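The structure appears right after this line, and notes come after that.
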Amino acid sequence: MIESDRELSSIMQELWDSDVNRLQPGKDYRISLQGKAAHSMPLEDLNDGAGSPLFTFVDENIFKKETFLAFISLLDNYVSDTGEPEIVTPEEVAENHKFLDCIIQSPTMKIAHKYLVEKNLSPTNETKFKEQLYRIWFELYARKGASKPDSSGFEHVFVGETRGGRTVIGFHNWIQLYLQEKMGHVDYKGYSVDANSPQPDENKHILALQFSWKDGIKPKGSIFVGVSPEFEIALYTVCFLSSPNERVKVQFSFYDVEIVCHHYNEKHIGTTYPVLLKYRKPAQ
């Protein structure tokens, strides 16, 4: 592992250990992996490898926690179609700020901020740091083919977007997946594995999967399951600001993970998500 990756692994481990709001698989939530997703094309012909929902149980008391509550309030603020300009209301701006105010006070985000300050990647001042986070995650930009600002890092990664009505892009968040599945908007099609990926199990916190949303399909997506919103924002922000190569391999807990993080104009997150490379079995 190259030196910068070792250093990032160390900070990722700190972020992981500090995530007091992370849910426990089997206790706070349960998922049902069922069958393997098909990968034949065209997309219309994909078979459903899962007859039942992915989530069989989530303790929704978790969603009353401050950061979860603030996060969930943001999920209905977007138009999913790319090419449709986003209109951000004053209420939505206030919700964005409230969310950032909540997560900045979390232990996880404080660790990320301290690290980024030490690396001269973020301002020491908390208000200025929040402005930096706002720009990275919430400032609108025009996605490919759009003439007006129609997207943001937050919308793409955490809420999901549709392109041409048939393809789902982004959508790498388990809370949104659970809530949309509960409302009947998501149909889980099965888990995704290839020759190089480890077999998933229901107690891992990272999952590659296939699903349909609204009228579109996500042929393969990868998500953290059960982690808090502050953990994801902290981890992805650290990767975005500290790693110019857009793919960084890190180790934390029992996971060897590649974090994919595409920049947009060097100022915003285009997309970011985890890819599980290896699962290291806990020592007996």
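The values are calculated or read from the model by the stated rules, or taken from the named source; none is laboratory data. Treat the numbers as computed from the prediction; the structure is a model and nothing was measured. As a convention, Cβ positions derive from the backbone with ideal geometry for all residues, glycine included, and neighbour counts pool all protein chains shown. With ligands, DNA and RNA removed, areas are computed over all heavy atoms of the protein, side chains included. Shrake-Rupley method; radii C 1.70, N 1.55, O 1.52, S 1.80 Å.
Largest GNM mean-square fluctuation across Ala37, Ala94, Ala234, computed for the chain with C-alpha springs under 10 Å, falls on Ala94. Within the listed set Leu69, Leu177, Leu207, the Gaussian network model of the chain (springs between alpha-carbon atoms below 10 Å) gives the highest mean-square fluctuation for Leu69. Of the residues Tyr134, Ile217, Gln199, the one whose Cα sits farthest toward the positive end of the charge dipole of the chain, with +1 on the Cβ of Lys and Arg and -1 on the Cβ of Asp and Glu, is Gln199. Counting only Cβ charges, +1 for Lys and Arg and -1 for Asp and Glu, the dipole size of the chain around its Cα centre is about 560 debye.
The tail of the calculated P(r) for the stretch 168-240 beyond 22 Å holds 25 percent of all Cα-Cα pairs.
Mark the label point 7 Å from the Cα of Glu139 along Cα→Cβ and return the residues of the stretch 225-249 whose backbone N is within less than 17 Å of it. Inside the label zone: 237-238, 240-242. Accessible surface computed residue by residue for the stretch 51-198, with neighbouring protein chains in place and a 1.4 Å probe, gives 46 Å² per residue.
Computed over protein heavy atoms with a 1.4 Å probe, the carbon and sulfur contribution to the accessible area of the chain reaches 50%.
For the stretch 96-159, the dipole from Cβ point charges (+1 on Lys and Arg, -1 on Asp and Glu) about the Cα centre works out to 100 debye, to the nearest 20.
Please compute the Kirkwood hydrodynamic radius of the stretch 94-140 from all pairs of different C-alpha atoms, in Å with one decimal. Answer for the stretch 94-140: a Kirkwood hydrodynamic radius of 10.8 Å.
Remark: the Met183-Phe254 segment gains 22.3 nm on full extension, using 0.36 nm per residue and subtracting the alpha carbon distance. Remark: spin-label model distance Phe63-Leu277 equals 3.6 nm, labels positioned 7 Å along the Cα→Cβ axis.
According to a simple spin-label model (label point 7 Å from Cα along Cα-to-Cβ), what is the distance in nm between His262 and Asn120? Here the answer is 3.1 nm between the modelled labels. What the Kirkwood sum gives for the chain is a hydrodynamic radius of 19.2 Å, with every pair of different alpha carbons counted. When the trypsin sites (Lys or Arg not before Pro) in the stretch 171-216 are filtered for DSSP coil states and for at most 16 other beta-carbon atoms within 10 Å of their beta-carbon, the remaining sites are Lys214.
Going out from 0 in 10 Å bins, what whole percent of all Cα-Cα distances in the stretch 90-196 drops into each bin? In order of increasing distance, the bins hold 12, 33, 32, 20, 3 percent.
For the Cα trace of the stretch 124-166, dividing Rg by the Kirkwood Rh returns an Rg/Rh value of 1.11. Among Lys218, Lys110, Lys144, the residue with the largest mean-square fluctuation in a Gaussian network model of the chain, with springs joining Cα atoms closer than 10 Å, is Lys144. Count Lys and Arg as plus one, Asp and Glu as minus one, and take only other residues whose Cβ is under 11 Å from that of Asn203; the net charge is then +1.
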